[in-house]
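Structure first, then comments.
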Amino acid sequence: MIRIKNMYKIYKMGDVEVRALNGINLHIKPKEFVSIIGPSGSGKSTLMNMIGCLDTATSGEYWIDGIPVENMSEDDLAALRNEKIGFIFQGYNLLPKLSALENVELPLIYRGIDSARRRELAEAALYRVGMHDRMHHKPKELSGGQQQRVAIARALSNKPSLILADEPTGALDSRTGAEVLQMMKDIHKEGNTVVLITHDSNIARNAERVVRIADGVITSDTTDVKDVVTG
């Protein structure tokens, strides 16, 4: 599903060279549920951007679904993101003037799917997350948890190979956050590959495998989740 080999991301800040990623090697198999955890400044957000094809590495190799990414144009990267990756963000990233249904339809529009099929897929995704009775409401008419459910529906509507979730519970209260995490587990059980980015060990333990990153390098990678969380 995901294979990263010897990846570096180097930023120049005046005369200073900042190595946000410093030789990352990572393999995530299809249908895995993996948390990538690290504190602020560890490189986890940079790694998420690489996995999500939102940025390109300074050097190294990256394959998603067997497709080499590192030499793609911006247009090709955008097409790959739309086809292969469903994004779930802490801030939901819903367009305020569109209804829940219209927000979920957006990635389908970009793929050129006709309006009738778009509506069918978007409605099915909203049913899947329990938001079918609110599909014509705009984001300001929804709670934070409801907005995140719409965002999850949007990520699922395109039936992507990978669900990439960046701090998906960060803006939610603990009860609603637990509901969203259970939804992530359910999505994984249905056969999806899920990568969850977090700084919180309590969130990380929901995955089946935990990858820790610090100072741009992977410091541990294990399926012994309890040991990683408490260690």
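Observations on the structure shown:
- Think of it as helices only: each DSSP H run of n ≥ 4 in the chain is worth -39500 (n - 2.57), and spread over all residues that comes to -11000 deg cm²/dmol at 222 nm.
- For the pair HIS132 and TYR11, a Förster radius of 41 Å applied to the C-beta separation gives a FRET efficiency near 0.40, rounded to the nearest 0.05.
- Measuring with a 1.4 angstrom probe and ignoring ligands and nucleic acids, TYR127 comes out at about 140 Å² accessible.
- Total charge dipole magnitude, the chain, about the Cα centre, Cβ charges on Lys, Arg, Asp, Glu only, Debye to nearest 20: 400 debye
- Positive minus negative residues near ALA79 (Lys, Arg vs Asp, Glu; Cβ under 14 Å): -2
- Selection among HIS132, ASN192, GLY170 by position relative to the dipole of the chain gives HIS132 as farthest towards the positive end (Cβ unit charges, Cα centre).
- Contact order for segment 125-220, expressed relative to its length and based on alpha carbon pairs under 8 Å spaced 6+ residues apart, stands at 23 percent.
- Here's the list of aspartates and glutamates a cross-link from LYS97 could span, going by alpha-carbon distance under 17 Å and ignoring same-chain residues fewer than 8 apart: GLU105, GLU141.
- FRET efficiency estimate (nearest 0.05) - Cβ-Cβ, SER115 to SER220, R0 41 angstrom: 0.30
- Normalised contact order of segment 73-179, rounded percent, pairs of Cα under 8 Å and 6 or more residues apart: 43 percent
- Antiparallel bridges, percent of DSSP beta bridges restricted to the chain (to nearest 5): 55 percent
- Evaluated with a Cβ-only charge set (Lys, Arg +1; Asp, Glu -1), segment 126-219 carries a dipole of roughly 260 debye about its Cα centre, given to the nearest 20.
- Cα-Cα over 28 Å, subset of LYS9/LYS140; LYS29/LYS226; LYS84/LYS185; LYS44/LYS84; LYS44/LYS138: LYS9/LYS140; LYS44/LYS138
- Charge tally in the Cβ shell below 11 Å around LYS138, where Lys, Arg are +1 and Asp, Glu are -1, LYS138 excluded: +1
- With contacts taken as Cα pairs under 8 Å at a separation of at least 6 residues, segment 29-96 carries a relative contact order of 20 percent.
- If R0 equals 30 Å, the separation of the Cβ atoms of LYS159 and ASP75 corresponds to a calculated FRET efficiency of about 0.85.
- Working from label points 7 Å from Cα in the Cα-to-Cβ sense, the GLU61 to LYS185 distance is 3.7 nm.
- Measuring between their Cα centroids, segment 50-76 and segment 154-176 lie 22 Å from each other.
- Ranking GLY38, VAL16, TYR92 by Cα position along the charge dipole of the chain, where only Lys, Arg, Asp and Glu carry charges on their C-beta atoms, puts TYR92 farthest toward the positive end.
The values are calculated or read from the model by the stated rules, or taken from the named source; none is laboratory data. Values in this document were obtained by computation on a predicted structure and should not be read as measured data. In this analysis, Cβ positions are derived from the backbone assuming ideal geometry, glycine residues included, and neighbour counts consider all displayed protein chains. In case anyone asks, the SASA skips ligands and DNA or RNA and just uses the protein heavy atoms, side chains included. Shrake-Rupley method; radii C 1.70, N 1.55, O 1.52, S 1.80 Å.
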